[in-house]
């Protein structure tokens with residue numbers, strides 16, 4: 001319990017430091033908020049243009065696609081808020097030798113690298129995603145049951161953990177390759193595929209994106225769960241995938257550290 005209390009106090013310190021950092025550069029904070037709003041507006045405009053010419057795509061109506069977009073935007077905002085940019089700095093830490101200072105700290109290095117940088121400018125995006133989801137449900141004239149809502153939130157959490165583990169493993173490659181900043185593109189591709197319902201792909205790709213590379217859990221399956229179109233069994237499968245990915249990332253990180261040569265060596 002003392003150990004958990006220590007990490008909780010450390011996370012609160014990270015949160016305070018992140019808040020102070022954002023307030024020091026307020027113009028940048030509001031600029032990023034505006035950028036996120038413009039990105040969402042562009043995405044929704046594209047969605048609107050597509051549905052001007054059809055009533056449904058692969059069985060998804062415009063309102064259902066809007067709910068999918070809200071889910072994707074919500075998960076993307078969570079990812080960006082909690083860990084994405086902190087982990088993306090790992091290659092720089094390795095190249096500059098400042099990863100040494102992390103490894104010497106009396107704290108788990110993965111915890112420090114993952115959670116030390118909290119991007120509070122994404123809080124507005126989280127709020128917008130929730131409002132967009134509520135609007136989509138209103139357009140569908142559908143009120144999800146508590147069971148479906150709980151299933152949805154569970155799927156969202158597993159989707160975030162799956163993406164975290166994938167991105168962490170990509171950035172861990174910097175231990176050997178050093179300059180791997182462009183590897184974030186692989187993580188971005190992983191997320192971009194999740195923008196589309198897996199039903200638009202053929203049967204083989206649908207199975208790949210569900211059971212091999214679980215992109216479907218980033219938006220499609222959570223949205224289906226909220227709309228009552230996915231069984232609770234998928235949550236257990238998603239939880240198993242998320243836990244498996246997390247363990248793989250943890251083991252891969254420990255293995256990579258054996259090959260790390262500190263700046264003082």
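The values are calculated or read from the model by the stated rules, or taken from the named source; none is laboratory data. All figures in this text were calculated on a predicted structure; none of them were measured in a lab. Note: ideal-geometry Cβ built from the backbone for every residue, glycine included; neighbour counts use all protein chains shown.
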Next item on the list: Give the number of residues within segment 215-252 that are over 22 Å from residue 149 (Cβ atoms) and crowded, with 19+ Cβ neighbours inside 10 Å.
Entry: 3
Check: Looking at 41, 59, 97, which one is over 26 Å from residue 260 (Cα atoms) and over 22 Å from the mean Cα position of the chain (by Cα)?
Finding: 59
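Take residue 61 and tell me if it is at pLDDT 80 or above and within 30 Å of residue 173 (Cα to Cα). Before you say what the answer is, go through the steps one by one.
Numbers: at pLDDT 80 or above: yes; within 30 Å of residue 173 (Cα to Cα): no.
Taking the combined requirement at face value, the residue does not satisfy it.
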Check: Would a scan of segment 200-213 turn up a residue that is touching a strand residue (DSSP E or B) at 6+ places or on another chain (Cβ under 9 Å) and either more than 19 Å from residue 154 (Cβ to Cβ) or in contact (Cβ under 8 Å) with a residue 60 or more places away in the chain (or both)?
Finding: yes
Next item on the list: Just give me the residues in segment 159-194 being modelled with pLDDT under 80 and more than 12 Å from the chain's Cα centre (by Cα), in sequence order.
Entry: 177, 178, 179, 180, 181, 182, 183, 184, 185, 186, 189, 193
Notebook entry, point to check: For residue 265, all conditions in the list (1) at pLDDT 80 or above; (2) closer than 30 Å to residue 101 by Cβ; (3) out of contact with any helix residue (DSSP H, G or I) (no Cβ under 7 Å at 6 or more places or on another chain) hold save one; what is the number of the exception?
Noted result: (1)
Next item on the list: Search segment 253-262 for residues being assigned to a helix (DSSP H, G or I) and touching a residue at least 60 places away in the same chain (Cβ under 8 Å), and hand back the single one that is surrounded by the most Cβ atoms within 10 Å (Cβ to Cβ).
Entry: 253
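Does residue 216 qualify as being under 28 Å from residue 142 (Cβ atoms), at pLDDT 85 or above and under 18 Å from the mean Cα position of the chain (by Cα)?
No: the conditions fail for residue 216.
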